[in-house]
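Novice: I'd like to ask some things about the structure below.
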Amino acid sequence: MSSIVILISGRGSNMEAIVRAAQKDAWPAQIAAVISNRPDAAGLDFARSHGIQTAVLDHRTFQDRASFDAQLVELIDSFNPDLVVLAGFMRILTGDFVRHYAGKLLNIHPSLLPLFPGLHTHEQALAAGVSEHGATVHFVTEALDHGPMVIQAKVPVLPGDTADTLAKRVLKQEHVIYPRAVRWFIDNRLSIRDNQVIVSPAEAQILISTDQ
């Protein structure tokens, strides 16, 4: 049985979606722990209520990013994970951390990468005048928001959209694609060739939502 560690900084709604999917569909995997860098992260209560072990490593108690990441690696590794999932973990990770979990570190980003990396993606999409927006699950590499894409979901940008209305439409699709990507991983269906993720047997890696 695979072991999964999920990192959050706040509510962790994508963590919730993964936990619910794992329990509903009886995944051959255990959510070994949910770890937060913030003691007040609301997602910790959800994890505890679902029988999942939690831990907090407050980044504010460390002098620099490198020392925090080194301690975080020790904490994560104590759960012997096969996969580490970033679910709204609001920290820029060091190269040492990323290399340590190369090939088993997933993130979700609220844009159709490579478009709009970084923060404020919905505002960026509206300012650019694009007709569609969305979310991307990808393997994490040292290049911020540029790792190999596992799956994307596209949503229309509607007349009158604000950053908030667009964010809500995107988040709904995040809750669809992130559990799917994690399930593909634990079922050993993912491989990376020439910086592209292959799903075997083949399955759609781009979902198009008409959600209004």
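Read-outs throughout are calculated quantities, based only on the coordinates presented, and are distinct from any laboratory measurement. What you see is a predicted model; the values in this text were computed from it and never measured.
Novice: Between Ala17, Ala153, Ala181, which gets the highest mean-square fluctuation from a Gaussian network model of the chain, Cα cutoff 10 Å?
Specialist: Its mean-square fluctuation being the largest, the pick is Ala17.
Novice: Just Leu190, Leu106, Leu44 to compare: in a GNM of the chain, with alpha carbon springs under 10 Å, which one fluctuates most?
Specialist: The residue that fluctuates most here is Leu190.
Novice: Does segment 10-121 classify as rounded, prolate or oblate by the C-alpha gyration tensor (a ≥ b ≥ c root eigenvalues; a/c under 1.5 gives rounded; else a/b over b/c gives prolate, otherwise oblate)?
Specialist: The shape class here is rounded.
Novice: Could you tell me what % of all Cα pairs in the chain have separations over 32 Å?
Specialist: 14 percent
Novice: Follow-up. Could you go through segment 71-83 in sequence order and give the Karplus-derived ³J(HN,Hα) for each residue, using 6.51 cos²θ - 1.76 cosθ + 1.60 with θ = phi - 60°, rounded to whole Hz, and x for Gly and Pro?
Specialist: 5, 5, 4, 4, 5, 4, 5, 5, 9, 6, x, 8, 8
Novice: Can you list the residues, at least 5 places off or on another chain, whose amide H is less than 5 Å from the amide H of His133, using H built in the peptide plane?
Specialist: Sorted by chain and number, the residues that satisfy this are Val155, Val157.
Novice: Here is a follow-up. What percent do you get for the relative contact order of the chain when only Cα pairs under 8 Å and 6+ apart count?
Specialist: 19 percent
Novice: While we're on this one: Using alpha-carbon pairs under 8 Å, 6+ residues apart, how would you state the relative contact order of segment 111-212 in percent?
Specialist: Reported as a whole number, the value is 28 percent.
Novice: Next up: Mind jotting down the distance between the C-alpha centroids of segment 1-51 and segment 171-187, whole Å?
Specialist: After rounding, the separation between the Cα centres reads 13 Å.
Novice: Karplus couplings for segment 87-96 from phi (6.51 cos²θ - 1.76 cosθ + 1.60, θ = phi - 60°), rounded to Hz, Gly and Pro as x?
Specialist: With the stated coefficients, segment 87-96 comes to 10, x, 8, 8, 9, 7, 8, 6, x, 4 Hz.
Novice: Going by the alpha-carbon gyration tensor, a ≥ b ≥ c the square roots of its eigenvalues, is segment 111-212 rounded (a/c under 1.5) or, if a/c is not under 1.5, prolate (a/b greater than b/c) versus oblate?
Specialist: prolate
Novice: Please figure out what share of the DSSP beta bridges in the chain is antiparallel and state it in percent, rounded to the nearest 5.
Specialist: If I count the DSSP bridges inside the chain, around 45 percent turn out antiparallel.
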